[in-house]
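Working notes, structure below.
The values are calculated or read from the model by the stated rules, or taken from the named source; none is laboratory data. These numbers were taken from a predicted model, which means no experiment stands behind them. Don't worry about glycine lacking a Cβ; one is built from the backbone with ideal geometry, like all the others, and counts go over all protein chains shown. Please note that ligands, DNA and RNA were not included when accessible areas were found on the heavy atoms of the full protein model with its side chains. Shrake-Rupley method; radii C 1.70, N 1.55, O 1.52, S 1.80 Å.
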Amino acid sequence: MRTFFRTAGKVLAGLVVLLLLAGTAFSQLSPQLGGTPTRAEQREYARSGHYRAGKFFNPQPTQVMTGGSQLGALRHMLFDKSPQANPPGPLPMRYLDSLSLTRPVPGLVRVTWFGHSASLVELAGRRVLLDPMLSIKMGPVPGVAPVRYNPRVPIAAAQLPYIDAVLISHDHYDHLDYQTIRTLKDKVGVFCVPLGVGAHLRRWGVAPAHIRELNWGDSVQLAGLTLISQPTRHFSGRGLTNRDATSWSSWVLKTADKRLFYSGDGGYGPHFQAIGARYGPFDLALMECGQYNEQWAEIHMQPEQSVQAALDVRARAMLPVHWGAFTESLHAWNEPVKRAAAEAARRHLPLTTPELGQPVRLDAGEPLPQARWWE
């Protein structure tokens with residue numbers, strides 16, 4: 001009997017190893033993994049000020065895991081989720097089509113949040129798309145990554161009209177989506193991405209002439225609109241072997257009289273005050289607010305920190321993003337917005353909470369959407 005159990009244990013261990021190897025091989029061969037920067041590009045990255053030994057780093061010392069282990073975090077995700085980790089049903093959504101997104105006039109300032117961090121900014125007569133993850137499923141391995149709460153998004157990538165610029169904050173699957181980029185690639189004027197992310201886009205068929213890789217402080221000029229890459233405190237990687245091979249960014253969108261800020265993902269830090277001092281005040285800040293955990297304290301903000309960061313950048317109002325689409329942490333699905341709303345009220349910061357697909361107008365003197373629809 002003892003021999004039987006030893007043999008069975010070896011067989012089971014062998015099967016686990018084979019499954020891991022198969023999963024690794026699949027993820028490494030999948031086009032969703034993206035591309036690899038060239039040696040010449042890597043040599044150029046050394047000039048960025050936050051790249052060494054083949055990896056980007058945060059100038060402020062930052063740990064991805066501030067407690068426990070990645071294996072322990074995975075175990076908690078699988079077995080210790082909040083009973084309210086997912087909403088009881090589809091979230092309220094306002095569907096759009098290309099006719100509702102006619103060419104914006106120069107004076108129009110409108111932000112439409114699609115869920116998670118994907119948002120469309122219409123500003124200075126231009127359309128700018130932020131982190132367009134518009135797929136229902138995430139990542140290259142079916143059944144492993146989270147699935148969107150709703151079976152649809154407010155507007156499918158194929159329905160979107162011409163986009164002047166796409167801004168990518170970093171290359172994680174919930175921000176840089178293979179299927180969405182493949183659908184959009186021929187109707188985007190310029191993809192503005194952190195250093196290294198251009199390799200992914202090139203592998204997916206985006207013409208190099210339409211890609212601009214930006215270091216922190218670099219900018220792209222469109223007619224009447226400036227797009228500026230700024231620091232954030234995060235990490236990157238799409239596979240088992242390319243952790244921090246690409247950079248990460250927050251973004252400033254600036255016209256002569258309007259300024260918007262998008263935080264991307266990242267932990268709290270002094271960079272927010274520096275951005276506010278140089279580019280603020282901002283009419284609206286789209287701030288990461290969700291998918292946090294005590295073990296990720298330096299790479300994701302708690303909701304109260306998101307409000308503080310909005311105040312640091314001198315935002316006149318805050319739109320919480322990075323929630324309302326996927327469950328990637330242990331908290332209840334609507335806990336981020338509840339905590340952010342309570343803190344924003346305490347700090348006297350206007351908070352706008354549109355439904356998915358509901359436009360927020362900043363140019364017409366209209367009140368900001370503030371319905372507590374998540375309750």
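Give, as residue ranges, the helices (runs of 4 or more DSSP H) completely inside the range 1-92 that count at least 2 residues that are open to solvent by less than 70 Å² (accessible area, probe 1.4 Å) and modelled with pLDDT under 95.
Details: elements: 2-29, 39-45, 70-79.
It comes to 2-29, 70-79.
Look at the range 263-279 and say how many of its residues are without any contact (Cβ under 8 Å) to a residue 40 or more places away in the chain and crowded, with 20+ Cβ neighbours inside 10 Å.
2
Looking only at the range 132-185, how many residues end up being crowded, with 21+ Cβ neighbours inside 10 Å, small (Gly, Ala, Ser) and within 18 Å of SER236 (Cα to Cα)?
1
Can you run down the residue pairs with Cβ atoms below 9 Å, 6 or more apart or on separate chains, where the first is in the range 112-123 and on the phi > 0 side of the Ramachandran plot and part of a strand (DSSP E or B) and the partner is of a type in the set (Gly, Ala, Ser) and open to solvent by less than 10 Å² (accessible area, probe 1.4 Å)?
These pairs meet every condition: GLY115/GLY324; GLY115/ALA325; GLY115/GLY357; HIS116/GLY290; HIS116/GLY324; HIS116/ALA325.
Does TRP216 satisfy the condition of being over 15 Å from TYR173 (Cα atoms), in contact with a strand residue (DSSP E or B) (Cβ under 6 Å, 6 or more places away or on another chain) and open to solvent by 40 Å² or more (accessible area, probe 1.4 Å)?
On the way: over 15 Å from TYR173 (Cα atoms): yes; in contact with a strand residue (DSSP E or B) (Cβ under 6 Å, 6 or more places away or on another chain): yes; open to solvent by 40 Å² or more (accessible area, probe 1.4 Å): yes.
Answer is yes for this residue.
Can you tell me which residues in the range 282-317 are of a type outside the set (A, V, I, L, M, F, W, C) and not in a helix (DSSP H, G or I)?
Passing the criteria: ASP283, GLU288, GLY290, GLN291, TYR292, ASN293, GLU298, HIS300, GLN302, ARG314, ARG316.
Answer with yes or no whether VAL206 is farther than 25 Å from ILE299 by Cα, crowded, with 21+ Cβ neighbours inside 10 Å and touching a strand residue (DSSP E or B) at 6+ places or on another chain (Cβ under 8 Å).
yes
Please find, among ALA85, ALA118, the residue that is touching a strand residue (DSSP E or B) at 6+ places or on another chain (Cβ under 8 Å) and aliphatic (A, V, I, L, M). Please lay out each step first, then the result.
Details: ALA85 fails: touching a strand residue (DSSP E or B) at 6+ places or on another chain (Cβ under 8 Å).
From the options ALA85, ALA118, the qualifying one is ALA118.
Looking at VAL128, VAL190, which is the one that is within 15 Å of the chain's Cα centre (by Cα), of a type outside the set (Lys, Arg) and either closer than 22 Å to ILE228 by Cα or not in a helix (DSSP H, G or I) (or both)?
Only one candidate qualifies: VAL128.
Which members of the range 194-203 meet the condition of being more than 17 Å from GLY139 (Cβ to Cβ), among the aliphatic types (A, V, I, L, M) and either surrounded by 23 or more Cβ atoms within 10 Å (Cβ to Cβ) or modelled with pLDDT under 95 (or both)?
Once the filter is applied, which keeps residues that are more than 17 Å from GLY139 (Cβ to Cβ), among the aliphatic types (A, V, I, L, M) and either surrounded by 23 or more Cβ atoms within 10 Å (Cβ to Cβ) or modelled with pLDDT under 95 (or both), the range 194-203 yields LEU195, LEU201.
Within the range 214-281, which strands (runs of 3 or more DSSP E) (wholly inside it) include 3 or more residues that are within 18 Å of the chain's Cα centre (by Cα)?
So the answer is 225-230, 250-254, 259-262.
Could you count how many residues in the range 227-244 are hydroxyl-bearing (Ser, Thr, Tyr) and open to solvent by 20 Å² or more (accessible area, probe 1.4 Å)?
1
In the range 102-131, which residue that is open to solvent by less than 10 Å² (accessible area, probe 1.4 Å) and of a type in the set (Val, Ile, Thr) is nearest to GLY324 (Cα to Cα)?
THR112
Filter the range 303-327 down to the residues that are surrounded by fewer than 21 Cβ atoms within 10 Å (Cβ to Cβ) and not hydrophobic (A, V, I, L, M, F, W, C), then identify the one that is farthest from GLN230 (Cα to Cα).
Filtering the range 303-327 down to residues surrounded by fewer than 21 Cβ atoms within 10 Å (Cβ to Cβ) leaves 304, 308, 311, 314, 316-317.
Pick out the ones that are also not hydrophobic (A, V, I, L, M, F, W, C) and you get 304, 308, 314, 316.
Numbers: GLU304: 22, GLN308: 18, ARG314: 15, ARG316: 19 Å.
Looking at residues that are surrounded by fewer than 21 Cβ atoms within 10 Å (Cβ to Cβ) and not hydrophobic (A, V, I, L, M, F, W, C), I get GLU304.
Here are some residues: ARG314, ARG238. Which one is under 23 Å from ASP171 (Cβ atoms), touching a helix residue (DSSP H, G or I) at 6+ places or on another chain (Cβ under 6 Å) and of a type in the set (Lys, Arg)?
On the way: ARG314 fails: under 23 Å from ASP171 (Cβ atoms).
Being under 23 Å from ASP171 (Cβ atoms), touching a helix residue (DSSP H, G or I) at 6+ places or on another chain (Cβ under 6 Å) and of a type in the set (Lys, Arg) holds for just one of ARG314, ARG238, which is ARG238.
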